[in-house]
Amino acid sequence: MASAFSGGDETLPYTERFNDLYTETKVVAERFVLSQNGVDGLLTCSIRPSGIWGRGDQTMFRKVFESMLAGHVKVLVGGKNVKLDNSYVHNLIHGFILAGQHLVPGGTAPGQAYFINDDDPINMFEFSRPVVEACGQPWPRLRVPGRLAWFVMTAWQWFHFRFGLPKPLLEPLAVERLYLDNYFSIAKVQRDLGYQPLFSTERAMAECLPYYVDLFHQMKGAVAQPVSPSAERSVPLEISAIFRAVRNVRGGHGSSASGLMSPVALLTRAARSSRARSGSTSITAFTTSGSWASVARGASEQCGSQIPGR
């Protein structure tokens, strides 16, 4: 079983033991990108967001709405004081722009990894409650112990893989995010890049609430409808926002925005640039969601490290 993390930072070592391929690929990607810093004039850094949310979100609250519409949201899991952090999309893009501005020779960003979040750890259920209630849905009253839910989902998952039973309602790793503290310090990015969230959680939620209510009613109305190919091919929120920011930076300031693009595009552009001309090229790797909690937990379990507070 995993450990709780309250204010963990970038000094935590990588784990060598993984519970899922998603987390493992994040570690492989970040290690590779950071290892290329300084190679043939290439400058790299890595951004580690938490759960990304905001207008255009098709992941975080979509999953919540899917569970609501399926009738699965009946109880609250874990204690009400358990907290995690999130990354509002505009705060995250602000962090990307700062990383791009500091990803220059002699800058503070090259070779570094940074947690970027809203700096407002919050209980996941309390975070979701304004959205659920605005959608006109009843709020659960019954609360079950987190460890009990984790045990049930773990056993259910075993039977799923062993005997072909239906998938559990929640994967054990998802349950851990509901009953264990899971938030990280942004002290390093504040110090190195001057990052401060532009939006508080309260202000961001006020701006996003109409979008989420509309999304819920769209999903509710389409429950019996097949998923369209265009919906399956929809561009993820963070990627579309990044490219909008890139266009704004290019159009307004003429500065290099290569540190703001997606990892694949950046790697391709960097390789071409390094062959075509001398000088430095910038890469910002983008690692998402809660995978760093899994990375940190695995490392902590292996070496018994203590997580520094904020």
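Values quoted throughout were computed directly from the atomic coordinates according to the rules given, and no laboratory measurement underlies them. In this text the structure is predicted, and so the values were computed from the model without any measurement. Neighbour counts are summed over all protein chains in view; Cβ atoms, including those assigned to glycine, are modelled from backbone coordinates with ideal geometry.
For Asp214 and Leu198, the difference between the fully extended length at 0.36 nm per residue and the C-alpha to C-alpha distance is 3.3 nm. Set the bar at 26 Å for Cα to Cα. Now go through Lys167/Lys220; Lys26/Lys188; Lys74/Lys167; Lys74/Lys220; Lys26/Lys83 and name every pair that lies beyond it. With Cα atoms farther than 26 Å apart: none of Lys167/Lys220; Lys26/Lys188; Lys74/Lys167; Lys74/Lys220; Lys26/Lys83. Spacing of the modelled spin labels on Ser67 and Tyr22, each 7 Å from Cα toward Cβ, amounts to 1.3 nm. Applying a DSSP loop filter and a limit of 13 other Cβ atoms within 10 Å to the trypsin sites (Lys or Arg not before Pro) in the stretch 33-118 leaves Lys74, Lys80. Annotation for the stretch 136-231: trypsin sites (Lys or Arg not before Pro) lying in DSSP loop with at most 10 further Cβ atoms inside 10 Å of their Cβ are Arg141.
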